[in-house]
Amino acid sequence: MKNDLNELRSRPNGNYIFDSSWQDLHILTKHWKSDLLFYIDDLRFLDDLIDKYIIWISKEDDLESVRNIRKRIVKTTKECDLLLQGINKHLTHIEGLMEDPFKYDSHNFRTEHQQLENDITIFLKTFRANRKEVFKVTEHLIESDELIRILTKAH
């Protein structure tokens, strides 16, 4: 798992978190927030995509598969919301440290920063897996003979 985390990080390896200025960590955290806001929008899109195709599903196995994906999308959205809350709190702490370097324990803050980054990296891995699964299922539905037959009858 450690190697997977390193491959998905958005910062250089090494002691970057413990050696960086507050301004650099602030910029990095704002970047995380921007990314997570994008992921929230993308999760809404994926949920809407599922909504559009779920009405065409007639096979119970396919329907159950889509329901499971939808549950994972909802769970991932909640995880993203929690990460955004954590980032907003973290930004408040960074801004406090930029104003007064003694406001918070620097080492604890940097350790918290590193944990937040690890949580985001794990979230991203889950997000990508869910996204891939939604596209795989919708592609299967679009290509299925049954969907083509239903659409042809509708016209």
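Nothing in this text is a laboratory measurement; each read-out follows from the coordinates by a stated rule. Keep in mind that what you see is a predicted model, and the values were worked out from it rather than measured. Note that each Cβ is placed from the backbone with ideal geometry, even for glycine, and that neighbours are counted across all protein chains shown.
Below is a table of values for the structure above.
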quantity	calculated
Signed unit charges on C-beta, dipole axis of segment 21-154, positive-most listed residue 92, 141, 107	141
Proxy reagent accessibility, fewest Cβ within 10 Å first, across 110, 44	44, 110
15 Å Cα-Cα reach of residue 71 towards aspartates and glutamates, excluding residues that sit fewer than 8 places from it in its own chain	47, 48, 51, 62, 79, 133
Above-threshold pairs, the threshold being 23 Å between Cα atoms, out of 33/75; 52/125; 103/125; 33/125	52/125; 103/125
Order of 137, 74 - criterion: other Cβ atoms within 10 Å of each residue's Cβ, fewest first	74, 137
Segment 21-154: Rg to Rh, with Rh as the Kirkwood radius over Cα pairs	1.19
Protection-proxy order for peptides 123-129, 21-27, each taking the mean of Cβ atoms within 10 Å per residue, highest first	123-129, 21-27
Residue 68-residue 40 pseudo-label distance in nm [points 7 Å out on the Cα-to-Cβ vector]	3.0
